[in-house]
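Each remark here refers to the structure printed beneath this line.
Readers should treat all values here as calculations from the given coordinates under stated rules, not as data from a laboratory. Keep in mind that this is a model prediction, so the values were computed, not measured. Glycine also receives a Cβ, built like all others from the backbone with ideal geometry; neighbour counts cover every protein chain displayed.
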Amino acid sequence: MSETRLEMRAGESADVVLRGATVLDPVAGIDAPHDVVVRDGRIAELAAPASASASADGLEEIDATGLHAFPAFFDPHVHLRVPGQEHKEDIETGSRSAAAGGYCGVLAMANTAPPVSTPADVEALLADARASASVRTGFLATVTAAMQGEELTEMASLRDAGAAGFSDDGLPLRSARILRRALQYQRLCGGTIALHEEDPELSGAGVMHEGPVSAALGLEGVPSISESTTIARDAAIAGYEQARIHVQHLSAAESVEAVRAAKAAGVRITCEASPHHLCLTDEAVRSLDPRRHKMNPPLRSEADRQALIAGLLDGTIDCIATDHAPHAAEEKEVPFEQAAMGVTGLETAFAALHTHLVLPGTIELGLLVEKLSAGAEPFGVERPSLAPGSEANVALCDLAATWTVGEDGYESRSSNSWCAGEQLTGRVQMTLAGGQIAYRLRSFSMGVAA
Amino acid sequence: MRHLLSIGDLSKAEIEAILDRAESFAEVGRRDIKKVPTLRGRTVVTLFYEASTRTSSSFELAAKRLSADLVSVKAAGSSVDKGESLKDTVATLSAYDPAAIVLRHPYAGAAQLVAEWADAAVVNAGDGKHEHPSQALLDVYTLRRRLGSLEGKRIWIVGDVLHSRVARSNLIAFRQMGAELTVCGPPALIPRGLEQLGCAVEHSLERLGEAEAIYALRLQHERMSESFVPSLREYAAHFQIDSRRLGRRQLLMHPGPVNRGVELSGEVIDSPQSLIAEQVASGLVVRMAILYELLASRDSEPAPVAGNGRHATPIGQPA
């Protein structure tokens, strides 16, 4: 997964052996206990359990008996808030948060203050990532200048500067004409265009899903069709231009259907869903707690949640992306309608989905692992793998560990986790990212194998 | 009862207890000296972030009739104008150690937040389009006096339900008391999924005759510019309660302020079936009962130390 468009802090290459880990990499077809030998930052060998001769090689011994080793996860949709909103997050805290969640790579959105719209912006961010990122970090640039929705950015120069793709995420592209021009220009410069799909005319001032719960709470609703009608429009445009689009944070059943139809029609379209949309419904909004339950797109109905799960199962939904959206306490300690949109998700994605979807038997562990690392491919990034010879990108997880979200604080600068206070089962113990040890859970003892 | 945030938090018995208490305050109101010493030495803060006549004046008078010290804060002209957050304003007012904070706020959930931040009992005097529980209690009180029980009674709520906190709280309260609810208005002003709250939905007044009581809601002028309805004229033609539509035995209610000639015609406002003035009078005694229930009743007392035999102060006695 060594990509020039993604950068991280240079550091010591990992030399470790994960002794007796249950190795699960569905894409590489690996599902068995192994000693995972990591030498000089690469997967050197998947040896039979207790067979690798580590000490002679000077490798650190890690007792991974009872633990699972997965390809580390990749999140194509996070908000690192740099530049301009460092009180919420920065590259150091955001990438540390990613590492704590088992991620080896993230792509940051461009809706910063000011937005990432010039080659100099991208170069500065990549330089910052080289200095402070714990995991490989890439940056999307905006599709339109200053995210105004009116003129294209210098997309080719932005690609040359290292932009990993393009998105006006946070806002939809209102103009079909502008989207079409961007997709035409994509033939020249490449770069997947990631789309926040929403019709502002239909969303209005909505703050939650439109349905019986919004009716009961007196909150303005965002109808599901606000998302699905825009997806249908944009898929048609992408199909016409034979262009490559990625639909962000699907939330509604109608949207899953729109993407399914577009794929069937041969459109080059991928899409993502977020852990909170896969685990919660609008019933949660009865809390009126914006810290945990206000985000855009909003939490939708149980039927929508089931449609997202069905989309994961049949492949309509390509990957899981957290839409990690940190906000400062004072931006959330206000009445629901006034609060900022967004929740954090990097540190809890695996544990929450394991607890909500895998343990009850809704989806298989292998599918979860696959979907958590599949977010690399839509942006042309090599997918993390445990196949020997690969760069070491490993999430070492204890599937039996129970913990309460937030009990030890967060690596993120913000605490607006959608599952704050919830007890989850499954926890990342250690993360290797880009060939380096990016994270160790403080209480995870590094016992020397006998 | 620790706070009054949502009418849904109250059981039928709890609602009835408050209404019975209000009856006794109505009796006090007929005396020459209308004041009782129940809350002497305690402080009530009213904090209003929205314009209000009925609700603010009745809560203020209710606190005074109970002998509480009253601090009235309106957002306009206060530190709120200078950008102070709700949390900081509540912290500031909490320094006076109020026994109760009565809050009116333009956004849903504000009272719930204040209840988390403050030690005082919090009364939700309207939060956004969410709830207005004291209005629901005074409306049940008013209707109960006329109808006896609400059990099995058919009530129609007519008008702009989408933007109405009164509609939401009254729907819950009337149903809690056993009434059968129908909600009627133009389709865009009836929230999607409302029927799941346990009411019938109609878009025509054709069957209005079945109602024992009609509760009309205020239609705000700005709804026209947002195309919820094409014009006031067209709204009035289809949904105005006028003397033609209001039956002789039907009761008419409205939370005020009325747009005369829009949701109600002038003659029905002044008709004998209209309870609108009674609603205002009920507002005072019901809000006295709410403050009493929160601050002076046995339930709101701190848990007594075992065996010390503390009792609540009886009504009208020095605390």
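How would you rank B:273-286, A:68-81, B:215-228, highest first, on the average number of other Cβ atoms within 10 Å across their residues? Let's see the in-between values first.
Numbers: B:273-286: 20.4, A:68-81: 28.4, B:215-228: 16.5.
Most protected by this proxy first, the peptides run A:68-81, B:273-286, B:215-228.
Report, in degrees rounded to the nearest 10, the 0 to 90 angle that the Cα long axis of helix B:165-176 makes with the longest principal axis of chain B.
Here the helix axis deviates by roughly 80 degrees.
Using alpha carbons only, how many angstrom separate the centre of the range B:80-96 from the centre of the range A:120-165?
Each part reduced to its Cα centre gives a spacing of 41 Å.
How far apart, in nm, are two points set 7 Å out from the Cα along the Cα-to-Cβ line at residue B:40 and at residue B:154?
Output for this residue pair reads 5.3 nm.
Taking the Cα centre of the range B:133-278 as origin, sum charge times position over the Cβ atoms of Lys and Arg (+1) and Asp and Glu (-1), and report the length of that vector in debye to the nearest 20. Display every interim value, and only then the final one.
Values: 18 positive and 17 negative charges, 56 e Å.
So the magnitude is around 260 debye.
How high is the FRET efficiency from residue A:242 to residue A:202, r the C-beta distance, R0 22 Å, rounded to 0.05? All intermediate terms of the calculation are to be shown ahead of the outcome.
Details: r = 28 Å, r/R0 = 1.28.
For R0 = 22 Å, the calculated efficiency reads 0.20.
Under the rule of -39500 (n - 2.57) per DSSP H run of 4 or more residues, summed and divided by the residues of the protein assembly as shown, what mean residue ellipticity at 222 nm is obtained, to the nearest 500 deg cm²/dmol? Before the final figure, lay out each step's value.
On the way: 25 runs with 237 residues, N = 769.
Dividing the helical sum by the residues of the protein assembly as shown leaves -9000 deg cm²/dmol.
Taking Cα centroids, how far is the range B:197-227 from the range A:272-294 in Å?
Centre-to-centre distance over Cα atoms comes out at 32 Å.
Give me A:437, A:43 ranked fewest to most by other Cβ atoms within 10 Å of their Cβ, as a rough exposure proxy. Present the calculation step by step, with values, prior to reporting the outcome.
On the way: A:437 23, A:43 26.
Going from sparsest to densest Cβ surroundings: A:437, A:43.
Pull up the DSSP beta bridges for the range A:72-379 and report the antiparallel fraction as a percent, rounded to 5. Before the final figure, lay out each step's value.
Numbers: 1 of 26 bridges.
For the range A:72-379, the DSSP antiparallel bridge percentage is about 5.
Counting only other residues whose beta carbon sits under 9 Å from that of residue A:195, what net charge do I get with K and R as +1, D and E as -1?
On the way: positive: none; negative: A:168, A:169, A:197, A:234.
Local charge sum for residue A:195: -4.
For the range B:64-133, rounded, prolate or oblate, judged on the Cα gyration tensor with a ≥ b ≥ c (square roots of eigenvalues), a/c < 1.5 rounded, else prolate if a/b > b/c? Present the calculation step by step, with values, prior to reporting the outcome.
Working: a/c = 1.41, a/b = 1.10, b/c = 1.28.
The shape class here is rounded.
Net charge around residue B:75, counting only other residues with Cβ within less than 15 Å of its Cβ (Lys, Arg = +1; Asp, Glu = -1)?
Details: positive: B:74, B:82, B:87, B:104; negative: B:50, B:81, B:84, B:88, B:127.
Combined, the nearby Lys, Arg, Asp and Glu give -1.
Quote the FRET efficiency, to the nearest 0.05, computed for residue B:200 versus residue A:113 with a Förster distance R0 of 56 Å and r equal to the Cβ-Cβ distance. Provide the component values of the computation, followed by the final result.
Values: r = 49 Å, r/R0 = 0.88.
Efficiency for this residue pair is about 0.70.
Enumerate the amide H contacts of residue A:342 below 5 Å, restricted to partners 5 or more residues apart or on another chain; note that Pro and chain-start residues carry no placed amide H.
It is A:294, A:295, A:296, by chain and number.
Which whole-percent values make up P(r) of the range B:133-278 when all C-alpha to C-alpha distances are grouped in 5 Å steps starting at zero?
Calculated over all Cα pairs of the range B:133-278, the distribution is 2, 10, 22, 25, 23, 13, 4, 1, 0 percent.
If R0 is 22 Å, what FRET efficiency do you get for residue A:40 and residue A:387 from their C-beta distance, rounded to 0.05? All intermediate terms of the calculation are to be shown ahead of the outcome.
On the way: r = 16 Å, r/R0 = 0.75.
Once the sixth-power term is evaluated, E becomes 0.85.
Using 0.36 nm per residue, how much length does the chain from residue A:120 to residue A:287 gain when fully extended, once their Cα-Cα distance is taken away? Don't skip to the answer; put the middle values down first.
Values: separation 167, 0.36 × 167 = 60.12 nm, distance 4.32 nm.
Result: 55.8 nm gained on full extension.
For chain A, find the longest principal axis of its Cα atoms and tell me its angle to the long axis of helix A:176-189, 0 to 90°, nearest 10.
Relative to chain A, helix A:176-189 is tipped by roughly 40 degrees.
How much of the calculated P(r) for the range A:169-269 lies past 15 Å, in percent of all Cα pairs? Write down the numbers at each step before the final one.
Working: 3083 of 5050 pairs.
Looking at the range A:169-269, the distances longer than 15 Å represent 61 percent of pairs.
If we count other beta carbons within 10 Å of each Cβ, what is the order of A:116, B:90, fewest first?
Working: A:116 27, B:90 24.
Final ranking by Cβ density, sparse to dense: B:90, A:116.
Determine the distance separating the Cα centre of the range B:1-64 from the Cα centre of the range B:136-176; give it in Å without decimals.
Each part reduced to its Cα centre gives a spacing of 19 Å.
How much of the DSSP bridge set in the protein assembly as shown is antiparallel, in percent, rounded to the nearest 5? Mind dumping the intermediate values first?
Details: 33 of 100 bridges.
Of all bridge pairs located within the protein assembly as shown, approximately 35 percent are antiparallel.
In nm, give the distance between the simple-model label positions of residue B:277 and residue A:10, each being 7 Å from the Cα along the Cα-to-Cβ direction.
Between residue B:277 and residue A:10, the simple spin-label model gives 8.8 nm.
Tell me the GluC sites (Glu not before Pro) within the range A:264-369 that lie in a loop according to DSSP and have at most 14 other beta-carbon atoms within 10 Å. Don't skip to the answer; put the middle values down first.
Numbers: sites: A:272, A:283, A:302, A:330, A:331, A:333, A:337, A:347, A:364; in loops: A:333, A:347, A:364.
Listed in order of number, the matching sites are A:364.
Please give the contour-minus-distance gain from residue B:117 to residue B:53: 0.36 nm per residue of separation, less the Cα-Cα distance, rounded to one decimal in nm. Walk me through the numbers on the way to the answer.
Details: separation 64, 0.36 × 64 = 23.04 nm, distance 2.68 nm.
Net length gain for the segment: 20.4 nm.
Can you give me the distance in nm between label points at residue A:189 and residue B:249, each placed 7 Å from the Cα along the Cα-to-Cβ direction?
Taking the two extended label points, one gets 7.6 nm.
Near the amide H of residue B:200, under 5 Å away, which other amide H atoms are found, from residues 5 or more places off or on another chain, if H is placed in the peptide plane?
B:181, B:182, B:183
Dipole of chain A, Cα-centred, from +1 at each Lys and Arg C-beta and -1 at each Asp and Glu C-beta, to the nearest 20 debye?
Values: 34 positive and 62 negative charges, 96 e Å.
With Lys and Arg at +1 and Asp and Glu at -1, about 460 debye.
Give the relative contact order (percent, whole number) for the range B:1-78; include only Cα pairs under 8 Å separated by 6+ residues.
Numbers: 66 pairs, mean separation 24.0, N = 78.
Taking the mean separation of contacting Cα pairs over the length of the range B:1-78, I get 31 percent.
Over the alpha-carbon set of the range A:1-155, divide Rg by the Kirkwood Rh and report the Rg/Rh ratio to two decimals. Could you put the intermediate results ahead of the total?
Working: Rg = 19.0 Å, Rh = 17.4 Å.
Reported Rg/Rh, Kirkwood definition of Rh: 1.10.
Which of the GluC sites (Glu not before Pro) found in the range A:182-261 are loop residues per DSSP with 14 or fewer other Cβ atoms within 10 Å of their Cβ?
On the way: sites: A:197, A:198, A:201, A:210, A:220, A:227, A:241, A:254, A:257; in loops: A:197, A:198, A:210, A:220.
The qualifying sites: there are none.
If you line up the long axis of helix A:253-264 against the longest principal axis of chain A, both from Cα atoms, how many degrees apart are they, to the nearest 10?
80 degrees
Please report Rg over Rh for the range A:370-450, where both radii come from the alpha carbon positions and Rh follows the Kirkwood definition.
Values: Rg = 15.0 Å, Rh = 14.9 Å.
Over the Cα atoms of the range A:370-450, Rg/Rh equals 1.01.
GNM, chain A, Cα, under 10 Å: largest mean-square fluctuation among A:219, A:353, A:183?
A:219
What three numbers, in Å, describe the spread of the alpha carbons of chain A along their principal axes, ordered from the longest?
Cα spread of chain A along its principal axes, largest to smallest: 66, 49, 43 Å.
So how strong a dipole does the protein assembly as shown carry about its Cα centre when Lys and Arg Cβ are +1 and Asp and Glu Cβ are -1, to the nearest 20 debye?
Working: 72 positive and 100 negative charges, 614 e Å.
Roughly 2940 debye, rounded to the nearest 20.
What ranking do A:229, A:144 get, fewest neighbouring Cβ atoms within 10 angstrom at the top?
On the way: A:229 19, A:144 23.
Going from sparsest to densest Cβ surroundings: A:229, A:144.
Working from the pairwise distances between different alpha carbons, so that the mean of 1/r is found and then inverted, what is the protein assembly as shown's Kirkwood radius in Å? It would help to have the intermediate numbers written out before the result.
Working: mean 1/r = 0.0346 Å⁻¹.
In the protein assembly as shown this quantity evaluates to 28.9 Å.
Can you list the residues, at least 5 places off or on another chain, whose amide H is less than 5 Å from the amide H of residue A:208, using H built in the peptide plane?
A:222
Could you grab the relative contact order for chain A? Cα pairs under 8 Å, six or more apart, rounded to a whole percent. Provide the component values of the computation, followed by the final result.
Details: 1193 pairs, mean separation 94.4, N = 450.
Relative contact order for chain A comes out at 21 percent.
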